[in-house]
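Data first, discussion second: the structure below is written as structure tokens.
The values are calculated or read from the model by the stated rules, or taken from the named source; none is laboratory data. Bear in mind the structure is a predicted one, so any value in this text is a computation, not a measurement. No Cβ is skipped: glycine too gets one built from the backbone with ideal geometry, and neighbour counts run over all protein chains shown. Calculation scope for accessible area: heavy atoms of the full protein, side chains included, ligands and nucleic acids excluded. Shrake-Rupley method; radii C 1.70, N 1.55, O 1.52, S 1.80 Å.
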Amino acid sequence: MNRRTLLKWTALYAAALPFALYGKEAKGAKQRHLILIELKGGNDGLNTLVPYSDPLYYQLRPKISIPKKKLLPLDDSLALHPSMGATKKIYENGDMAIIQGVGYPDPNRSHFRSIEIWDTASGSNQYLDKGWLESLSPKEQAKLQAVILGGEYGPLSGAERGIIKINNIQGFLNQSRHIHAQIYMTGDNDALTHILKTEAEIRQSADILSRYFDKNRALPYPFAKGNFGRQLKVTAQLIRSGIDTPFFKLSLGSFDTHINQKPKQARLLKELSEGIAALRQNLIESGKWKDTVIMTYSEFGRRAAENASRGTDHGTAAPHFVTGGAIKGGLYGDQPPLEHLDKNGDLVYTTDFRSLYRTISEDWLRNSSMHLSGFDKLPLF
Amino acid sequence: MKREILFFLLLFSFATATEFEQCAHLLNRTSFGITESSIVSCLEDKNYEATVKRLLDMPQAQEPIPLPDFASGLILPPKKFKKLNAEERKAFNKKRRQQQIALKQWWIKKMLTTSTPFRERMVLFWHNHFTSSIRKVQQPALMYRQIQLFRSYAVGNFAQLLHRIIEDPAMLIYLDNRANRKKHPNENLARELLELFTMGEGHYNEKDIKEVARSLTGYSLDKKRNFRFRKKQHDKGEKIIFGQKGNFDAHQMVDLVLEQNATAIFVVRKFWKAFVSDDPHEQEIDRIASIFRKNRYELKPMLYALFTSSSFTDPSNRGTMVKSPAELTIGTLRTFNRTDFNPKIVMQYCRRLGQDILSPPNVKGWPGGREWINANTLLIRKEFLSRLTRGKEMEKLDDALFRNPLIADSPEEGAAKTLLSIRVFLTPAHRFDATLQTILQHPLYQLK
């Protein structure tokens, strides 16, 4: 009945590593990077990409709509929020794709459930355990697969290997010094094996980071102070260092603007827009921009009509931004029509977020293992 | 810290289990770790069976921690909220957030200081079984009432608890049963009741869920957020549940669920994974489930069978489960008699470690087991432990437990034996402090 056999232990002292840590570094093919920026709390799409030629927009939002003359028009019906000048410049350069009306059918308006749906690429009533990037992250041991700089593991949840969450590189290197992988073991205590592997992971990640990271090398284009600026800075430092990490996850927010939305969203969109622009400059300068794609996402957009507190409540579809040296800029998808709201008064999505995921996984990450074939790809590349 | 002079020799003990190790195992798995008084009491018991009995027959604790002032009532009737202006709402929301945090701290303080830690461990078990989240329920008073319900039924009767939970206000809000009306049934509570609370997937069909949902229509709340059966919203019509026909209301439906074999098995399997092992042993689970049913869902006989089962007591089972964040933080503080530690900091660590008390990630609860540990959380775990043993903090640790002659000949041996659940012999460092630091940073300390 007892499947466990006796554990066999051996003590090893000093630096012998539990298993071979470094594979051969791939030569030739350049590492592609995907930087995900989570707009935490649900960004209001209608005030981000504004359908300014539609009088319904101004009717639905008598207090929080943005006057035409302040907006940054992209064409004769759509305009960007006034604090997104930097985004408009990238758009004019042809590197910025704006995908309109991104959402999913039968939308859930709970922050927690809806972000889970986005993170796991599930349907509205489907419960999946693992993040959508988990299956895309290569299983090679010698690689740091993902660096989480803000928020939860989200799209990478469930990934066991080569993933770290850090605030800054030096701090992580200092912490990891206390980890001494000193035990070699055989036997079948799965829990202990898992911990020892994790310790080895930490040491391995720290070794990789310390090989690439040079704290004395300054960035040519500075980032704004603050939490999001810090996340962008670490991302820029790492990608410029030539590290072969495919995934970076950042987070900005909270966009949960139930009350007095205008100043708060303006500040956040400015941070986002200028942050992306500075990251782009740093990556262009180091020749990495063509190997990088940046994508925003959020659990939902917000209600079409404003509420009584000069804010907006939880809604559904919203526009998202995809930019990179390889991206064909432009507007994609359709603006959800304001005259056809759902019974809740919410926008009806026009592009399923899984179309975007499929495009990224197949055309950028060259991986078709995700089961998203039911969703049409977008011609972003 | 003089790590270099420490050598660990990890050897497996081939000897039969000593009394100490058996008791330590039981406390590690059930009681937020070991304290001096708890292990000494165990050693004084006649035998292991007597210890298990004593654990289950714990007295009703009389140790009042001042209740947060809002625990007795709603902070603001929902109707009044609508009349507030933007500024007032902001202030109200801020106050409510503070009260939610106060409630989490109150519970953590209770776990830290209680003389019956197994009761709090069971409350945490029920919180993770009949999940509700304060993020959705919002009102701290309702979450408080729900935990109190778990506390009074901690080792009581599962059938009675199930009957109570379908009238629990926090649960009715969390699983949307207020929207479950005769004309527009909402299946949320019905589905989770079968899938996660009682039978588990595969033992019922979609039609059963719809019929169970109908039986739950009208189980709602009044304006003060007390339970109210709204007769007009209840569907009195005939239902067919698990092949049986009748005009079942929710309590009759619960009785039908309790008649199903799958229910006892599912619940026992959940206990198995919480207390015995990550790997279910189906034959043993069946055996214990039949004890559970024979005793009409009384928890004590079932738990007695669980804790005396050879799967639980086998020496090879020690140190094979990962401590939850609450067990690691609260257990360590209890062992070192640091129950004065700021509960807010414990709460923050638990959240960073993935166990935000009163806010489980979803209705399935915390996944637990090995998933507690990843590169991020392992570093935070070690940071917490090193924080307790740094500089002046070290002086606040009480090591009387390791110096008790009933336990070991030397404090070093006492510490290794008590803190690590797989036998470790070590050559001590020059200073006991350094030995303690090394033991707490050891990978085995993450296990129970």
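Accessible area per residue for the protein assembly as shown in Å², computed with a 1.4 Å probe and the full protein assembly in place, what is it?
Using a 1.4 Å probe on heavy atoms only, each residue of the protein assembly as shown averages 42 Å².
How would the range B:48-203 be classified by its alpha-carbon gyration tensor: rounded, prolate or oblate, with rounded meaning a/c under 1.5 and the a/b versus b/c comparison settling the rest?
Oblate.
Taking Cβ-Cβ under 4.7 Å as the only way to count a partner, pick out the unpartnered cysteines of chain B.
B:C350 - these cysteines have no disulfide-compatible partner (Cβ-Cβ under 4.7 Å) in chain B.
With every protein chain present, what accessible area does A:R303 have (1.4 Å probe, heavy atoms only), rounded to the nearest 10 Å²?
In the full protein context, A:R303 sits at about 50 Å².
Need one value for A:157-170: mean number of C-beta atoms belonging to other chains within 10 Å of its residues' C-beta atoms.
2
Between B:Q160 and B:S386, what length in nm is gained on full extension when 0.36 nm per residue of separation is reduced by their alpha carbon distance?
77.0 nm
In chain B, once you exclude exposed GluC sites (Glu not before Pro) (DSSP loop, at most 14 other Cβ within 10 angstrom), what's the longest stretch remaining?
Within chain B, the longest run free of exposed GluC sites (Glu not before Pro) spans B:239-448.
Picking from B:A213, B:A86, B:A190, which is most flexible by a Gaussian network model of chain B using Cα springs under 10 Å?
B:A86
Using each residue's phi in the range B:432-448, evaluate 6.51 cos²θ - 1.76 cosθ + 1.60 at θ = phi - 60° and report the 3J(HN,Hα) Karplus result to the nearest Hz, with x for Gly and Pro.
Going residue by residue, I get 4, 3, 5, 4, 4, 4, 5, 5, 5, 8, 5, x, 5, 5, 6, 10, 10 Hz, with x marking Gly and Pro.
May I ask you to work out the translational diffusion coefficient for the range A:23-174 at 10 °C, viscosity 1.306 mPa s, via Stokes-Einstein with Rh from the Kirkwood sum over Cα pairs, reported in whole µm²/s?
Rounded to a whole number, D works out at 84 µm²/s.
Step through the residues of the range A:85-92 one at a time and calculate ³J(HN,Hα) from phi using the Karplus curve (6.51 cos²θ - 1.76 cosθ + 1.60, θ = phi - 60°), rounding each to whole Hz and writing x for Gly and Pro.
Listing the rounded values in order: x, 5, 5, 4, 4, 5, 4, 5 Hz.
Binned at 20 Å from 0, what are the whole-percent values of the Cα-Cα distance distribution for chain B, short to long?
That works out to 23, 53, 22, 2, in percent per bin.
Can you list the aspartates and glutamates whose alpha carbon sits under 17 Å from that of A:K249, skipping same-chain ones fewer than 8 residues off?
List returned: A:E38, A:E116, A:D119, A:E134, A:E152, A:E160, A:E271, A:D291, A:E299.
Can you give the accessible area buried between chains A and B, summed over both chains, with a 1.4 Å probe, in Å² to the nearest 100?
For chain A against chain B, roughly 3500 Å² becomes buried.
Starting from the alpha-carbon convex hull of the range B:363-448, give the projected area averaged over all orientations, in nm².
Spelled out: convex hull of the Cα atoms, projected over all directions, averaged, 7.3 nm².
If you count the DSSP beta bridges with both ends in the range A:8-364, what percent of them are antiparallel, to the nearest 5?
Of all bridge pairs located within the range A:8-364, approximately 40 percent are antiparallel.
Loop-only check: which trypsin sites (Lys or Arg not before Pro) in the range A:200-296 are DSSP coil with at most 14 other Cβ within 10 angstrom?
Here the trypsin sites (Lys or Arg not before Pro) that fit, given the DSSP loop and packing criteria, are A:K215, A:R217, A:K225.
Could you state the principal axis extents of the C-alpha atoms in the protein assembly as shown, from the largest down, to the nearest angstrom?
For the protein assembly as shown, the Cα extents along the three principal axes come out at 86, 72, 47 Å.
Tally the DSSP beta bridges in the protein assembly as shown and give the antiparallel ones as a percent, rounded to 5.
In the protein assembly as shown, DSSP labels about 55 percent of beta bridges as antiparallel.
Any chance you could give the angle, 0 to 90 degrees and rounded to 10, that helix B:282-294 forms with the longest Cα principal axis of chain B?
Taking the Cα atoms of chain B, the angle to B:282-294 is about 60 degrees.
Run the numbers on the range B:298-345: which residues show a drop of 30 Å² or more in accessible area, chain on its own versus all protein chains together, using a 1.4 Å probe over heavy atoms?
Relative to the lone chain, where solvent access is computed with a 1.4 Å probe, the range B:298-345 loses at least 30 Å² at B:S316, B:T320.
What list of ³J(HN,Hα) values in whole Hz, one per residue of the range B:49-55 in order, does the Karplus curve 6.51 cos²θ - 1.76 cosθ + 1.60 (θ = phi - 60°) give from phi, with Gly and Pro shown as x?
Residue by residue, the range B:49-55 yields 4, 5, 5, 4, 4, 5, 4 Hz.
Taking all protein chains together and a probe of 1.4 Å, list A:S361, B:S115 from the most accessible to the least accessible.
Sorted descending by solvent-accessible area, the residues read B:S115, A:S361.
Within chain B, what is the longest stretch that has no chymotrypsin sites (Phe, Trp or Tyr not before Pro) placed in a DSSP loop and near at most 14 other beta-carbon atoms within 10 Å?
By the stated rule (loop sites, at most 14 other Cβ atoms within 10 Å), B:15-448.
Out of the GluC sites (Glu not before Pro) in the range A:292-358, which ones are loop residues according to DSSP with at most 11 other C-beta atoms within 10 Å?
Qualifying residues, ordered by number: A:E339.
Can you list residues from other chains, or at least 5 along the same chain, whose modelled amide H is less than 5 Å from the amide H of A:H314?
A:R303
When only alpha-carbon atoms are used, what values of Rg and Dmax, in angstrom, describe the range A:8-364?
According to the Cα coordinates of the range A:8-364, Rg and Dmax are 21.9, 75 Å.
Return the subset of B:K270/B:K323; B:K94/B:K344; A:K343/B:K236; A:K40/B:K224; A:K88/A:K215; A:K165/A:K270 for which the Cα-Cα distance in this structure is over 21 Å, preserving the input order.
From B:K270/B:K323; B:K94/B:K344; A:K343/B:K236; A:K40/B:K224; A:K88/A:K215; A:K165/A:K270, over 21 Å: A:K343/B:K236; A:K40/B:K224; A:K88/A:K215; A:K165/A:K270.
Would you pull out the residues with amide H under 5 Å of A:A79's amide H, same chain only if 5 or more places away, H placed 1.01 Å from N?
Those qualifying (amide H under 5 Å, at least 5 residues apart or on another chain) are A:V50, A:Y52, A:L74.
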